[in-house]
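One structure is given here, and the rest of the page talks about it.
The values are calculated or read from the model by the stated rules, or taken from the named source; none is laboratory data. Bear in mind that the values here come from a model prediction, so they are computed numbers and not experimental data. Using ideal geometry, Cβ is built from the backbone for each residue, glycine included, and neighbour counts are taken over all protein chains shown. The accessibility values were calculated without ligands, DNA or RNA, using every heavy atom of the protein model including side chains. Shrake-Rupley method; radii C 1.70, N 1.55, O 1.52, S 1.80 Å.
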Amino acid sequence: MTVFSYEVLEAEAGARLDKFLSEKPNLPSRSYIQRLIEDNQVLVDGRPVKSNYRLQAGKKITVAVPEPKKLSVEAEQMDLDILYEDSDLLVVNKPKGLVVHPAAGHESHTLVNGLLAHCQGNLSGINGVLRPGIVHRIDRDTTGLLLVCKNDASHASIAEQLSTHSITRRYHAIVHGTLPKDGTVSAPIGRHPVDRMKMAVNDRNGRQAVTHYHILEPLKKFTYVECRLETGRTHQIRVHMASIHHPLLGDMVYGPAKPPFPLEGQTLHAKVLGFVHPRTGKYLEFEAPLPEYFEKLLTRLRL
């Protein structure tokens, strides 16, 4: 374990703890720092505090950064649909049904297993041994673009862009009902108060989330929409659209238990992804075509 120590200067007084630490050169991304704070690995004058703690001049801060654990996830050869790749990162088009990283019940056959084989283990380690390279994720049954980082420097840069909401993320979806006009859902998302496997609009313990939706095409009993994310909370689009009574078609968690068509999960596709490259500083944007099942469903709904 490596321990870093800092003392708050007069000019730094009033800053949030997580922001103060994110500007220090020896520490990784702000999201990683927030996890260290939650795990009580960050102390102010010897005691744990929260990420939003406002610092006072003269306070002494210690940060304990655990040593990286040996990766235990096995590499597996997979046919990955890679749209872009260089020495720092890659953009992959994830198919439906593929879990992003190992978890209970999904220890293998995940995207991470395939990435380890493709990248020969050269992936960032900031997100831990089970999620190497993964700086953001999409659900198992959501298709489309995912950005993967090959080193910690690129990971820290992309994580900071995510935290400042500067990354472009546009999703295509089919929702139940007829939306009258474009709109925005701004509502905090947190764990469901009863069902801990679900997320919900939660004014008490949720984190602020913003989703903009734009009508692409009215369909009979449904609407084809584009959703643009400002934030990236778990199940954000699914929860937000359900909260305004327009759940995603095929979403058996937040929508009707029996969808009107035989579908494998929600009709949601991460279509556009744009970001500033961590090394070159140039803005890059990628677009993934709709998967075949989505195109066929749209054709059916247009009849």
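For this structure, a couple of remarks:
- Here the range 43-60 is the region considered, the condition is being under 24 Å from the mean Cα position of the chain (by Cα) and open to solvent by 30 Å² or more (accessible area, probe 1.4 Å), and the residue that is farthest from Glu23 (Cα to Cα) is Lys50.
- Among the numbered conditions (1) open to solvent by 70 Å² or more (accessible area, probe 1.4 Å); (2) modelled with pLDDT of 95 or more; (3) among the polar types (S, T, N, Q), the only one that Thr211 does not meet is (1).
- Remark: pairs (first residue in the range 139-152, under 18 Å from Lys96 (Cα atoms); second residue among the basic types (Lys, Arg) and open to solvent by less than 10 Å² (accessible area, probe 1.4 Å); Cβ separation under 7 Å; 6+ apart in sequence or on different chains) = Thr143/Lys94; Gly144/Lys94; Leu146/Lys94.
- Only a single item in (1) out of contact with any Gly (no Cβ under 8 Å at 6 or more places or on another chain); (2) closer than 25 Å to Val210 by Cβ is not met by Thr110, and it is number (2).
- Strands (runs of 3 or more DSSP E) enclosed by the range 166-231 - at least 2 residues per element that are touching a Gly at 6+ places or on another chain (Cβ under 8 Å): 168-176, 189-191, 199-201, 210-219, 222-229
- Filter result (without any contact (Cβ under 8 Å) to a residue 24 or more places away in the chain and either under 14 Å from Leu263 (Cβ atoms) or not in a loop (DSSP other than H, G, I, E, B) (or both)) within the range 288-303: Glu292, Glu295, Lys296, Thr299
- Filter result for the condition that a residue is at pLDDT below 90, open to solvent by less than 50 Å² (accessible area, probe 1.4 Å) and more than 21 Å from the chain's Cα centre (by Cα), over Val129, Val65: Val65
- Filtered residues of the range 1-42 (kept if acidic (Asp, Glu), surrounded by fewer than 17 Cβ atoms within 10 Å (Cβ to Cβ) and under 18 Å from Thr164 (Cα atoms)): Glu23
- Entry remark, the range 104-155: residues being out of contact with any strand residue (DSSP E or B) (no Cβ under 9 Å at 6 or more places or on another chain), within 19 Å of Leu27 (Cα to Cα) and not in a loop (DSSP other than H, G, I, E, B) number 2 in total.
- Complete set of residues in the range 271-287 that are assigned to a strand (DSSP E or B) and either open to solvent by less than 90 Å² (accessible area, probe 1.4 Å) or closer than 13 Å to Ser166 by Cβ (or both): Lys271, Val272, Leu273, Gly274, Phe275, Val276, Tyr283, Leu284, Glu285, Phe286
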